[in-house]
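Some notes on the structure that comes next.
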2 protein chains.
Amino acid sequence: MAKVKLIDVARFAGVSKSTASQFLNGRFDYMSKETQERIRAAVAELDYVPNPIARNLKATKTKTIGVVVRDITGFYSSRVIRGVDDYCKAKGYNALIYNTDFDPETEAKSIEALYQLRVDGVIIASSGNNTQLISGYIEKGMPIVHFQIENDGSEQNIILSDYKKAAFDATEYLINLGHKRICFVTQDFNNVNSRIDRYQGYAEALSKHDIPLDDNLVQRWDRESGFQTAPIEIIKSYAPTAFFTQHLPITVELLRSLNRANISVPDDVSLLGFDEVPMAEFFKVPITVVKQEPYSIGIEASKLLLNNIAKETNISHKILIPCSLEIRESCKKL
Amino acid sequence: MAKVKLIDVARFAGVSKSTASQFLNGRFDYMSKETQERIRAAVAELDYVPNPIARNLKATKTKTIGVVVRDITGFYSSRVIRGVDDYCKAKGYNALIYNTDFDPETEAKSIEALYQLRVDGVIIASSGNNTQLISGYIEKGMPIVHFQIENDGSEQNIILSDYKKAAFDATEYLINLGHKRICFVTQDFNNVNSRIDRYQGYAEALSKHDIPLDDNLVQRWDRESGFQTAPIEIIKSYAPTAFFTQHLPITVELLRSLNRANISVPDDVSLLGFDEVPMAEFFKVPITVVKQEPYSIGIEASKLLLNNIAKETNISHKILIPCSLEIRESCKKL
DNA sequence: TTAATCAACTAAACCGGTTTAGTAAATTTA
DNA sequence: TAAATTTACTAAACCGGTTTAGTTGATTAA
């Protein structure tokens with residue numbers, strides 16, 4: 001494609017490669033005005049475009065970072081990526097996206113691929129199954145910033161929503177509406193702080209309002225097998241007046257179940273979801289949710305990463321981004 | 001980061017750089033078993049990882065392509081990108097995403113950035129305002145594949161939904177439900193074939209069923225100023241029994257208007273949209289839509305691009321991907 | 001007047017690989 | 001038995017830049 005290179009410019013201007021390079025990097029220390037002008041003219045005449053790859057080879061930098069997400073297609077992930085990308089582009093970096101589809105092995109392969117590609121750093125929403133492996137890369141000197149998922153016991157750079165406060169606020173909102181039997185639906189904690197924190201926010205709100213914590217109202221859902229106990233059974237057996245779902249897919253599946261069983265939201269049961277629901281305004285019942293700020297998370301994550309890259313430090317930072325409660329129509333006042 | 005290089009491996013194995021390189025590239029032509037074994041051992045011992053950048057420098061290839069979209073966050077774009085990325089990764093390429101936010105200038109800058117980065121090719125949903133410029137890059141030898149938007153008169157590689165057939169089928173579906181006054185809501189054609197084709201599909205369906213084409217029922221919408229005529233006015237003045245919107249934002253805005261004006265879909269007026277609507281199943285009225293296959297479009301676009309890169313040809317190909325009608329509840333039988 | 005300094009460059013090494021053109025020893029052919 | 005060929009490598013050029021260590025002629029200080 002672009003064939004004219006530095007040596008061509010140098011020859012055209014009648015100077016050496018070194019001088020041409022100095023000029024292009026703005027170091028005019030001891031360079032006569034005429035020489036500068038000749039090189040400028042040569043660049044213009046030959047339509048020269050420096051090759052950033054050759055440049056970075058020498059610098060042993062790629063000006064590229066990696067972003068490892070579950071699926072770029074998701075509402076949350078795509079916005080994080082957009083934030084990362086906007087910040088990176090502004091700082092002269094490019095971002096390479098790797099999708100893991102929730103598979104820890106694909107995740108491991110992605111990190112290795114990025115390592116081999118010599119990216120300057122990585123932003124990752126890790127599954128939590130590769131903690132050891134990731135530590136290894138950090139030791140090898142690859143700066144890594146996490147987001148979305150915080151695993152227990154790992155000191156790391158991470159940007160997170162303030163899950164605990166968000167869950168607390170949401171639960172308190174339901175309590176203030178008169179709810180006492182609030183069913184908390186979560187994925188298995190599995191040492192993931194990001195899940196435990198929400199639970200704690202929930203528990204603390206109950207405690208603050210002297211509502212006993214009923215273990216029957218803490219229900220599990222997982223990606224493969226769905227609800228451990230069917231929502232209809234939960235309602236029959238434990239009579240919750242509200243569901244508080246901790247993840248968009250849980251909200252979606254719960255809503256689907258309730259619709260199928262002809263259980264009306266919010267008349268029969270209230271529903272509050274974690275994570276924004278796209279197109280909520282057009283829903284039969286617009287869902288009240290805890291809204292995260294994925295775009296901001298992306299910005300902050302890349303800010304932190306590029307900072308670490310620049311300073312070659314790796315002191316663990318944890319940054320919390322506040323959430324907000326988006327009140328719509330799925331929670332009834334009792 | 002990774003510091004061990006080829007020369008280290010070579011020294012460790014007691015061979016020259018060249019021999020080590022030959023080994024790593026699987027050319028064992030005249031290499032003794034013992035030498036092979038020694039290099040293999042050195043690689044393993046030193047944990048050597050080849051530097052793809054240095055490799056590609058010599059090859060004058062980057063094994064990277066660019067993808068220029070409006071906004072990675074969108075339902076359609078994110079899926080196209082996912083398709084592109086899956087195909088590219090499988091073929092050893094990486095994709096760099098550039099967002100234009102519908103701004104032709106940002107688009108131009110993105111292409112130039114990708115050109116300077118020496119990407120091996122570009123996949124783009126162009127605004128249509130940079131046709132000249134893009135031709136320039138093609139002439140410079142940069143392979144380009146378009147998708148989503150086809151501009152009038154430009155011979156180019158392009159992957160598209162079969163817009164005409166899709167619009168024909170959708171219109172005929174409405175006609176078969178008894179609709180005769182179908183309001184076609186579109187962006188200004190502006191020489192964009194992707195829009196004109198839909199209009200032709202619409203017109204041909206009407207014609208086939210002997211329904212006169214009423215210009216009053218062809219309405220404009222644009223991103224900045226919204227509807228040229230407010231939907232309520234359209235209904236009052238021209239009494240359509242159905243709307244057929246040509247773009248997701250139009251569908252969304254129309255629905256919003258109708259809701260605000262308390263006009264019921266489909267009781268007062270039917271609605272059929274182009275483009276899938278996320279979460280449609282939970283809508284007050286699930287919207288019937290023409291569903292495109294963005295993931296397939298991404299796959300096909302990258303297939304075509306990588307093919308052109310490999311063969312260094314650039315014969316214009318146009319590939320149509322069929323759409324399907326996703327029938328839900330927003331169209332009433334009259 | 002001569003050594004030291006400075007302005008304005010350039011040669012060559014380097015980044016980390018690939019590839020082409022050789023080379024020396026062993027083997028085959030004439 | 002000498003020439004031609006084959007085997008198993010290596011030296012050096014190259015990809016397209018950056019950077020370090022010089023070099024040369026002019027100017028300034030001692």
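The values are calculated or read from the model by the stated rules, or taken from the named source; none is laboratory data. Remember, predicted model here, so these are calculated numbers, not experimental data. Glycine also receives a Cβ, built like all others from the backbone with ideal geometry; neighbour counts cover every protein chain displayed.
Observations on the structure shown:
- In region A:258-298, the qualifying residues are those that are more than 12 Å from chain B (Cβ to nearest Cβ) and of a type in the set (S, T, Y), and the one that is surrounded by the fewest Cβ atoms within 10 Å (Cβ to Cβ) is A:S264.
- Residues located in region B:110-119, provided they are within 12 Å of another protein chain (Cβ to nearest Cβ) and either among the hydrophobic types (A, V, I, L, M, F, W, C) or surrounded by fewer than 23 Cβ atoms within 10 Å (Cβ to Cβ) (or both): B:E112, B:A113, B:L114, B:Y115, B:Q116, B:L117, B:R118, B:V119
- Taken across region B:223-235, residues that are within 22 Å of the chain's Cα centre (by Cα), closer than 27 Å to B:I158 by Cβ and buried (at least 20 other Cβ atoms within 10 Å of the Cβ) do not occur at all.
- Restricting attention to region B:65-120, the residues that are closer than 30 Å to A:L6 by Cβ, out of contact with any strand residue (DSSP E or B) (no Cβ under 8 Å at 6 or more places or on another chain) and among the aliphatic types (A, V, I, L, M) add up to 1.
- Test: residue in region B:124-136 that is assigned to a loop (DSSP other than H, G, I, E, B), free of Cβ contacts under 8 Å to residues at least 40 places away in the same chain and at the interface with chain A (Cβ under 10 Å from one of its Cβ atoms): no
- Residue in region B:72-88 that is in contact with a Leu (Cβ under 7 Å, 6 or more places away or on another chain), farther than 29 Å from B:A280 by Cα and more than 8 Å from chain A (Cβ to nearest Cβ) present: no
- Residue within region B:209-221 that is under 19 Å from the mean Cα position of the chain (by Cα) and surrounded by fewer than 17 Cβ atoms within 10 Å (Cβ to Cβ) present: no
- Count of residues meeting criterion [surrounded by fewer than 16 Cβ atoms within 10 Å (Cβ to Cβ), modelled with pLDDT of 90 or more and either in contact with an Asp or Glu (Cβ under 9 Å, 6 or more places away or on another chain) or farther than 13 Å from B:H146 by Cβ (or both)] in region B:299-319: 3
- Scanning region A:1-59 for residues that are within 14 Å of another protein chain (Cβ to nearest Cβ) and touching a residue at least 40 places away in the same chain (Cβ under 8 Å) yields a count of 10.
- Boolean, A:L258 is modelled with pLDDT of 95 or more, outside any strand (DSSP E or B) and in the same structural domain as A:G83 (by TED's automatic domain parsing): no
- Going through (1) within 16 Å of DNA strand D (Cβ to nearest atom); (2) surrounded by fewer than 17 Cβ atoms within 10 Å (Cβ to Cβ); (3) modelled with pLDDT of 95 or more one by one, A:A42 falls short only on (2).
- For region A:87-98, the criterion of being over 19 Å from the mean Cα position of the chain (by Cα), free of Cβ contacts under 8 Å to residues at least 60 places away in the same chain and surrounded by 14 or more Cβ atoms within 10 Å (Cβ to Cβ) is met by no residue.
- Those residues of region A:90-109 which are on the phi > 0 side of the Ramachandran plot and within 13 Å of chain B (Cβ to nearest Cβ), in sequence order: A:G92, A:D101
- Residues satisfying the criterion are present in region A:292-313 (criterion: within 23 Å of A:L174 (Cβ to Cβ) and not aromatic (F, W, Y)).
- Within region B:27-39, none of the residues are touching a Lys or Arg at 6+ places or on another chain (Cβ under 9 Å) and within 16 Å of DNA strand D (Cβ to nearest atom).
- Applying the criterion of at least 1 residues that are within 16 Å of DNA strand C (Cβ to nearest atom), closer than 28 Å to B:I53 by Cβ and not β-branched (V, I, T) to the helices (runs of 4 or more DSSP H) found wholly in region A:1-100 leaves A:6-13, A:17-24, A:33-46, A:52-59.
- Selection of region A:322-331 for residues being away from every other protein chain (no Cβ under 14 Å) and surrounded by fewer than 19 Cβ atoms within 10 Å (Cβ to Cβ) yields A:P322, A:S324, A:L325, A:E326, A:I327.
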